[in-house]
Every structure is written in structure tokens, then in C-alpha cells.
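Shown next, in C-alpha cells, is the structure this report addresses.
The values are calculated or read from the model by the stated rules, or taken from the named source; none is laboratory data. Just so it is clear, the model here is predicted, and its values are computed rather than measured. Neighbour counts are summed over all protein chains in view; Cβ atoms, including those assigned to glycine, are modelled from backbone coordinates with ideal geometry. Surface accessibility is based on the protein's heavy atoms, side chains included, excluding ligands, DNA and RNA. Shrake-Rupley method; radii C 1.70, N 1.55, O 1.52, S 1.80 Å.
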Amino acid sequence: MHAGTQTHVPPVAAGDFSRSAAIETIGINVLRYALVLIFVLFGTLKFSAAEAAAIKPLVSNSPFMSWLYAFLSDQGVSSLIGTTELIAAALIAIRPFSARASAIGSAIAVGTFATTLSFLFTTPGALSPMHPAHGFLLKDVVLLGAAVAIGAEAVRAAFSGAEAR
């Protein structure tokens, strides 16, 4: 901007704020229930033998999760992960009734996506775009952002007294 140049900024009407707040609420709800859908779909799949076999190379190379195979079978590990995803989905979904529960579900989702993103670095070759799991794992960056956003909204609501809004 040059010295002496003035830019006129029009005043913002109160209706503009209410419209943007309504659009933000719609966006947060789309993120929330898209995460619920993803967790239900992928969580349910974890109870199948095919999914248990598919995730084993990722989980077994993880320093955070590989120890589970010392105590559980391949299917047991997969079912535990699936159960965690379904619990997160249920907690996130009940946001209209409990912001606190939804915040807890969102925290579980953040942990889930942070863990799955770590597989990019712990699974040999996964950083390569040619690795079969690369794109599957990379999408979790967006899902992690969604979990953070809905979690922040739920925490804000829980602490502001707007628990069931």
C-alpha cells in the first residue's frame, strides 16, 4: 500500500455476523457428522478378517501400537481399534446432547488420526507416493484438522454453558 492511499472499508452489518455464524455452524456440523460416518464405516470394517490383515503392516511397525500383538491376535488388535473408532463416533455424534462427551470423542479422534499419520513415518516405504497406504494415510491430515475443529467447538460450548446447543 502506498503512503497517502486510503482504502475504504464498508461497515459490517449485524446480519453479516449472524449469517457467517450460521454458515460456520453448518460447516462444523458437516465436519462432525462426516467424521462420525467415517468412524462408523472404518470402525465396522475393523471387525473383518480382511481389514485385520490390511492394517497389520501399519500397526506392527508402529512403536505406539505394535506391542498390542504380544497380547492380542491380529483380529483382536483390529477389533480393539474398531471399537475405539465406534466409541469415538458415538461420543462425537451426541454433541446436541452433551458437548463434554463430544469433546472427549473429538480428543479420541485427534489421537486416532495422529497415530495413523505416524504410520507414514514408521511403516517402511509409506512416505513414497507409490506405497499402497500412502494416500490412505495422507487423507488423515484433513481428518485430523476436522477433529481439532469440532473438538474446539465442543470444548468452547461445554465451558460456556451452551452444553446442548
Original post:
Of everything in region 55-76 that's in a loop (DSSP other than H, G, I, E, B) and among the small types (G, A, S), which residue is surrounded by the most Cβ atoms within 10 Å (Cβ to Cβ)?
Top reply: S62
**OP:** Please determine, by comparing only the residues of region 109-128 that are open to solvent by 50 Å² or more (accessible area, probe 1.4 Å) and not in a helix (DSSP H, G or I), which one is modelled with the lowest pLDDT.
**Re:** L127
Original post:
F42: modelled with pLDDT of 95 or more, among the aromatic types (F, W, Y) and under 18 Å from the mean Cα position of the chain (by Cα), yes or no?
Top reply: yes
**OP:** From the list S106, S79, pick out the single residue that is crowded, with 18+ Cβ neighbours inside 10 Å and touching a helix residue (DSSP H, G or I) at 6+ places or on another chain (Cβ under 7 Å).
**Re:** S106
Original post:
Just checking, how many residues over region 129-139 are farther than 19 Å from A53 by Cβ, touching a helix residue (DSSP H, G or I) at 6+ places or on another chain (Cβ under 9 Å) and in a loop (DSSP other than H, G, I, E, B)?
Top reply: 1
Original post:
With respect to V142, is the statement that it is β-branched (V, I, T), open to solvent by less than 60 Å² (accessible area, probe 1.4 Å) and either touching an Asp or Glu at 6+ places or on another chain (Cβ under 9 Å) or part of a helix (DSSP H, G or I) (or both) true?
Top reply: no
Subject >> Single condition A157 does not satisfy, out of (1) open to solvent by 60 Å² or more (accessible area, probe 1.4 Å); (2) part of a helix (DSSP H, G or I) >> reply: (1)
Subject >> Of all residues making up region 117-151, the number that are farther than 17 Å from L37 by Cα and without any contact (Cβ under 8 Å) to a residue 12 or more places away in the chain >> reply: 9
Subject >> Among residues of region 27-54, those that are among the aliphatic types (A, V, I, L, M), open to solvent by less than 40 Å² (accessible area, probe 1.4 Å) and within 18 Å of T123 (Cβ to Cβ), counted >> reply: 1
Original post:
Which one is least open to solvent (accessible area, probe 1.4 Å) among residues in region 82-103 that are under 22 Å from S160 (Cβ atoms) and polar (S, T, N, Q)?
Top reply: S102
